[in-house]
Amino acid sequence: MKKLAATLRSNKLMDLSIAPKPLPHSLLKPLKPQPETEIAYPKLIITGPSKLSGHVPISGSKNSALPILAATLCCSGTSILHNVPNLFDTRTMASVLASLGAKVEVFDNEIMVNTDGVQSVEPNADEIRKIRGGFFVLGPLIGRFGEAVVALPGGCDIGARPVDLYVRGLQALGAVVELRDGKVQAYALNGRGLVGGSFQLDYPSVGATETLMMAACMADGTTVLSNVAREPEVVDLARFLMKSGASVEGAGSNKLVIKGKSQLHGSKCTIAPDRIEAGTFMLAAAITRSCILISPVIPSQVSCLMQKLLAAGCKIRQWSHDTLEVSAVSGSGGENLRGFEVKTGPFPGFPTDLQPQIMALLTTCNGLSPVEESVFEKRMGHVNELRKLGAKIQVCASSALVFGKDNGSVLSGSCLSATDLRGGMSLVLAALASKGTTEINGVSHIDRGYENVDTKLHLLGADVKRLTALPSSELNSLIVDDSKKVRLKAKKTVWFHWKAERGNQTSLGSTKPESSRQVGSPIKITAASDHELNQLQQKLCAFPHLKFHCLIPPPILEAATCSSPGSFSSCLTLAAASFLPPGSLSKALYTIVSWTVGNGI
Ligand SMILES: CC(=O)N[C@H]1[C@@H](OP(=O)(O)OP(=O)(O)OC[C@H]2O[C@@H](n3ccc(=O)[nH]c3=O)[C@H](O)[C@@H]2O)O[C@H](CO)[C@@H](O)[C@@H]1O
Ligand SMILES: C=C(OP(=O)(O)O)C(=O)O
C-alpha cells in the first residue's frame, strides 16, 4: 500500500516542504471514454401511441447504490446491501471493488462486500472509465489506506465534468494529489492519514460532496464541508456511513460536520427507491395521457416534478406514504396539457436527470415551454433525436424553447440513437407517444440507469420489444482450423443485423442466412495474420459490435467467402456480404458501417 506514497515522495520534482498547489482546472477534465465499436445493440422497437395502465415497481436508486458501494471500502468486515438495482453501473462498481481485492457476492438485488482482503489502492482503470460512480472510491481509499490511484471517470457525456473540487477538497484534508497518465494519484501528506480540515465547495457537486464525506469519516479530527450538495443520495450515503460507525452531522443541509473515526465496520443497508426512475414513470403516464400507480416513491423527493405536472393539468393522488397515482387521461384535462417553464438546479431544484424526459413531455403540451439546463453545459443531445420524431425545439447553448402540440409538434415514429442515459430515456417516452414504430439504438446507455425498462413498460401495456445481440452463451463455438479459417457455430439460428451507407443514405437490414449458409455451416473468414485472427476471435467471443469501413465493389458481393488474405476489415466485410440477400446491395456502392449477430426480430 505504501508503494505509491514512496514513489511519489522519491520524485525529485516534488518538494514536500511546499504545500500542494491546486492542479490546473483544464488538466482535471475526465478523458472522454473512447467507444471501441459502434454501440447499436440492444435496440428497442416501440410502437405507439401507447396507453399505459396498472402499477410500476420502482427499483433501488443507482445514484445512492454507487456511492454506498464505494463506502463499503471504508468499513472493515462485511457490508450487506439490499435493493441494489441490477444495472450496468452497479455491476461495474462491483468489479471495481473486486479489482481492489474485496470479496463481492451478488445475488439478484443484494450485494455483499467484504473488504478484509483489499490489497490494492488502484482499481482497474478500464472499469473506472466506464462509469461516473467508480471515481468515488478515491475518498474511501485515501481515507482508510492513506493513498489511492484512480483513473479519471466516464459516465454520461453531458459536459466537461471536471474533478477539481474533489482534488482541492482532499488537499484541504492534507493530501498530496497529482494527475499522471489520466489517473488521480493521491496520498496523505503526513505519511499516516488524512487530517480533518475545512473546505467550501465552489458548487454543490454531488460526487465531490460524497467523496469528501467518505474521506473525512476516517480523517484524524473534525472536518467541516460547506456549500455541499443536499441531494437525497447524499443523505442516503450519510445514513449508511453512520450505521457503520461514522459521525456525520448535517446531511441534507448545505453544511456537513464530520468527526473522523479510526475504523468503521460493515453494516446492512436497503437502497432507497430511485427518485429519477419514479419521476420518469410519472412522465410516462403524462406523455401517454394515461393513469398509472407508482411505488415505492418518496413523494417529497419528487415534489418539484409534481408541481410541474399539476401545473400542466395532470392529476396526482397519493395513495399511501410511498404510492402515487399520476393521471393525464382525457376527460380529466389530459388531452390538452399546458406547457410550462423548467430550470434545472441542485436539489431541491428541478433535477437535471429529469430534464430530457420532461422535454419529451413538453413537445406534446400546448404552448411554448422554455427549458434551461443550468447544471451541465452539454445536456441537449436528445434534442436532435426528438426532432426526428417531429418535435419542434430550438436550442441556444444550454437553453431550449419547446414548441408544443398547438405549434406544430406532432410525433411520429423514426429511427433514433440514444447518446446518454436520460437523453435515451426521453426518446423512449417520446416513442411511446409517437404514432407508428420507433427504433431506438444505443439502449446500453439506458440500461446504465433503468432496471428492466422494457419489461416494466410492457407490463404497463406498451408495445415495446428489445432486440439484443445474441448472448455469447448462445454461441457454442468459434472454431479455428489448421488453415486458420474461423467458423462461428451457434446453437440456434442467428440473424445478421447490418447498417450500410451510400452517400447520405442509410440502410438498415436484418438478414437471415440462406439455407446454404445456415449458421452451423461456417462463416469462413481468413485472417491476414495471427494477430488479426486473435483480434477477430476476441471480438467475436466478447460478442462484439464490430465497426469497420470498407467499400464493397459489386463483383465482390457475389463472393461467399474470402479466400485470399486481406485486411481484417475487408475480410469481415466479405463475410458480411456473404450473408446479404443477393442483389440487396449490389446496385450501388455501399459502405457497411456496422454489423452484429443477433436474434431474429
Ligand atoms: C453517479 C451520480 O451520482 N451521478 C449524478 C451526480 O453526478 P456528479 O456527481 O458527477 O455531478 P456533480 O454534482 O458533481 O456535477 C454538477 C456540476 O458541477 C461541476 N463540477 C463537479 C465536480 C467538480 O469537481 N467540478 C465541477 O465543476 C460539473 O461539471 C457539473 O457542471 O450528480 C449529478 C447532478 O445531480 C447527476 O446528474 C448525476 O446523475
Ligand atoms: C448523469 C447520470 O449518470 P452519471 O453521473 O453516472 O453519468 C444520470 O444518472 O443521469
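Here are the numbers for this structure:
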quantity: Estimated vicinal HN-Hα couplings, Hz - region 383-395 in sequence order (Karplus 6.51, -1.76, 1.60; Gly, Pro = x); calculated: 4, 4, 5, 4, 4, 4, 7, x, 6, 10, 9, 9, 10
quantity: For GLY155, distant residues with modelled amide H under 5 Å away; calculated: ILE131, ARG132
quantity: Potential lengthening between ARG239 and SER53 on full extension [0.36 nm per residue; Cα-Cα distance subtracted]; calculated: 63.4 nm
quantity: Distant-in-sequence amide H partners of SER374 (H built 1.01 Å from N, under 5 Å); calculated: THR344
quantity: Distance-filtered residues of region 53-75 - backbone nitrogen under 16 Å, label point 7 angstrom along HIS265 Cα→Cβ; calculated: 74-75
quantity: Nearest-0.05 FRET efficiency for ASP108 and SER76, computed from C-beta distance (R0 22 Å); calculated: 0.30
quantity: Part-to-part distance (alpha-carbon centres) for region 353-419 and region 122-160, which is given in Å; calculated: 32 Å
quantity: In Hz, Karplus ³J(HN,Hα) per residue of region 258-275 (6.51, -1.76, 1.60; θ = phi - 60°; x = Gly, Pro); calculated: 10, 9, x, 10, 6, 8, 10, 10, x, 8, 9, 7, 10, 5, 5, x, 7, 5
quantity: Whole-number percent relative contact order across region 62-270, with pairs defined as alpha carbons under 8 Å at least 6 apart; calculated: 22 percent
quantity: Tail beyond 24 Å, pair distance distribution of region 246-372 (Cα, percent); calculated: 37 percent
quantity: R0 of 51 Å, Cβ-Cβ distance ARG192-SER330: FRET efficiency to nearest 0.05; calculated: 0.15
quantity: Label-to-label distance, nm, for residues given as SER300 and ASP116 (7 Å Cα→Cβ offset); calculated: 3.9 nm
quantity: Long-range amide H partners of THR78 with built H, under 5 Å; calculated: GLY266
quantity: Cα-projected label distance for ASP406 with ASP463, points at 7 Å along beta-carbon direction, nm; calculated: 3.0 nm
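Laboratory data are not the source of any read-out in this text; all were calculated from the coordinates shown. Quick caveat: nothing in here was measured; it's all calculated off a predicted structure. When we count neighbours, we look across all protein chains shown, and the Cβ atoms used for this are built from the backbone with ideal geometry, even at glycine.
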